[in-house]
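The values are calculated or read from the model by the stated rules, or taken from the named source; none is laboratory data. Keep in mind the model is a prediction, meaning the values are calculated, not measured. Positions of Cβ are generated from backbone atoms using ideal geometry, with glycine treated the same way; all protein chains shown enter the neighbour counts. When the accessible area is computed, the model is the full protein with side chains, heavy atoms only, and any ligands, DNA or RNA have been set aside. Shrake-Rupley method; radii C 1.70, N 1.55, O 1.52, S 1.80 Å.
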Amino acid sequence: MLERAMGYNFRDYNPNQLLLLAPNLDDWLPQEHMARFIADVVNALDLKPFLRRFRDNGQGGAAFHPAMMLKVVLYAYCVGVPSSRKIAQAVIDDVAFRWLAANNRPDFRTIATFRRKHLEDIKPLFLQVLLLCKQAGMVRVGVVALDGTKVAANAAMDRNRTWEKLSEQEKVLMAEVASLLGRAEAADRQEDDRFGDDSGDGLPKVATAKERLALIRRAKAELETQARERAREQEAVLKEREHEEREAGKKKRGRKPKPPDEKVEDAAKANLTDPESRIMKTRKGFIQGYNAQAVVSQDQIVVACDVVQECNDFGQLAPMMESVEATLYEIGEEPGKVLADAGYCSEDNLERMTLPGAPDPYIAVKKDHKQRTEVEPAPKGRPPKGLTHRQRMARTRKTKAGKAMYRLRGQIVEAVFGQIKDGRRLGRFLLRGLAKVKGEFELWCLTHNLLKLYRHGLAGG
């Protein structure tokens, strides 16, 4: 019981006080709160792609408004709460979430389904938010930086299986499915003779066995896909080596790469939980995951993003530059210079950057830790004739201007990955499969841009 004492000077506090007027949700949040900003942005967006997925004839059960659901999901990602269960709980416990949902209470299944169904609709929203950032003067693309980061998949490492193990399990399950189907048919015949009815008691077990068999076959198909990808990479490495040998006029030292071979290696593994994920090496060890790519402007605005299965960044420069050029074309911009680390350096990639209209490249030819230990004087005079693209880039990187330009890379793109992964806790993707993971990462990047736009407004930009 709350005691009242005449000597104290407390504000009125009565949890059982009845409200004489209906509460106004608009009084719950300060005017500058980020939830209000998210709501204003969503109200200004074109949501026709979302509306097309709903009936417009008034039939069926009433659905939650997509604008409300989108506001809740975007705000959740902005504050680093992507879990559908935690979002559903926040709609009850958190004032900002309750304000955005207008006291609606979608459960976690509804939230998860909404996100999964509308992943394809995120891409046009990404461009619309980018336009808002441009209108605020935040998309300076005189210099852009490209980088990749490994993100764990929603799958455990110990769920990986080799081709041999998958083949053994496939044979066992095929025999199990055949046995279960035979027993189910026999039981159905007995019940038909006895009751004149088909109950199908054995089918659920058959369905489970078939699902496990489908997972194994999907994993085997991924191993075959990996073998084809590896063969293409081997072919590209051989071509790169041959090109360098022709340019240098002599054979390179070291062991020659193996010729392309599409045979599945004995040690190759696929994951039964998410077969499209890959085992990837990071600075902290190996993870089961994906390789997330991003191109970032000087204002730390993500202007293009993607997720790939390749462990290295070797083949990502060309597709990412095509993506950023197409995106910036939509908003009337084009990149001036592009910064990238040594993972993107190859003769083919550097040659591609010499094409008309391509931005000026500043790409490291050696890993950053090796460059820091080198002490070489800046080159003087005109570059000698006959240099390869890699040699020319190495010369450019050693100049005072080249060093200063390349240092911007860490301030631009690495800072963004830190804000997304450490600041908002993107430690693991929630969805499975490459297509869904692409959409999920685009959602992380879109909300990153929204946060930048919100903070730019608070700073009086």
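Just a few scattered comments:
- Subset of segment 221-233 [out of contact with any Phe, Trp or Tyr (no Cβ under 7 Å at 6 or more places or on another chain) and farther than 16 Å from Gln316 by Cα]: Ala221, Glu222, Glu224, Thr225, Gln226, Ala227, Arg228, Ala231
- Of the helices (runs of 4 or more DSSP H) lying entirely inside segment 289-401, the ones with 2 or more residues being at pLDDT 95 or above and surrounded by 19 or more Cβ atoms within 10 Å (Cβ to Cβ) are found at 317-330.
- Considering residues of segment 298-345 that are of a type in the set (S, T, N, Q) and touching a Gly at 6+ places or on another chain (Cβ under 9 Å) only, the residue farthest from Leu431 (Cα to Cα): Gln298
- Every residue from segment 24-36 that is under 13 Å from Phe97 (Cα atoms) and either in contact with a Phe, Trp or Tyr (Cβ under 6 Å, 6 or more places away or on another chain) or open to solvent by 80 Å² or more (accessible area, probe 1.4 Å) (or both): Leu25, Trp28, Leu29, Met34, Ala35
- Against the list (1) outside any helix (DSSP H, G or I); (2) within 23 Å of the chain's Cα centre (by Cα); (3) under 17 Å from Ala39 (Cβ atoms), the condition Asn104 fails is (2).
- Scan segment 262-288 for residues that are open to solvent by 30 Å² or more (accessible area, probe 1.4 Å), part of a strand (DSSP E or B) and under 12 Å from Gln309 (Cβ atoms) and the total you get is 1.
- Residues considered: Val143, Val129. Of these, the only one that is within 21 Å of Tyr454 (Cβ to Cβ), at pLDDT 95 or above and buried (at least 18 other Cβ atoms within 10 Å of the Cβ) is Val129.
Residue by residue, here is whether (1) closer than 16 Å to Thr113 by Cβ; (2) touching a Cys at 6+ places or on another chain (Cβ under 9 Å); (3) assigned to a loop (DSSP other than H, G, I, E, B); (4) at pLDDT below 95 holds:
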{"site": "Pro15", "(1), (2), (3), (4)": "no, no, yes, yes"}
{"site": "Phe50", "(1), (2), (3), (4)": "yes, no, no, yes"}
{"site": "Gly58", "(1), (2), (3), (4)": "no, no, yes, yes"}
{"site": "Ile87", "(1), (2), (3), (4)": "yes, no, no, no"}
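- Subset of segment 57-88 [farther than 21 Å from Phe37 by Cβ and either surrounded by fewer than 14 Cβ atoms within 10 Å (Cβ to Cβ) or among the aliphatic types (A, V, I, L, M) (or both)]: Asn57, Gly58, Gln59, Gly60, Gly61, Ala62, Ala63, Arg85, Ala88
- Sub-9 Å Cβ pairs linking a first residue in segment 269-283 that is within 17 Å of Lys165 (Cβ to Cβ) to a second residue that is among the hydroxyl-bearing types (Ser, Thr, Tyr) and surrounded by fewer than 23 Cβ atoms within 10 Å (Cβ to Cβ), at least 6 apart or interchain, are Lys269/Thr162; Ala270/Thr162, ordered by first then second residue.
- Sole exception among (1) closer than 27 Å to Phe37 by Cβ; (2) surrounded by 15 or more Cβ atoms within 10 Å (Cβ to Cβ) for Arg455, by number: (2)
- For segment 416-434, the set of residues classified as open to solvent by 70 Å² or more (accessible area, probe 1.4 Å), outside any loop (DSSP other than H, G, I, E, B) and touching a residue at least 60 places away in the same chain (Cβ under 8 Å) consists of Arg428 only.
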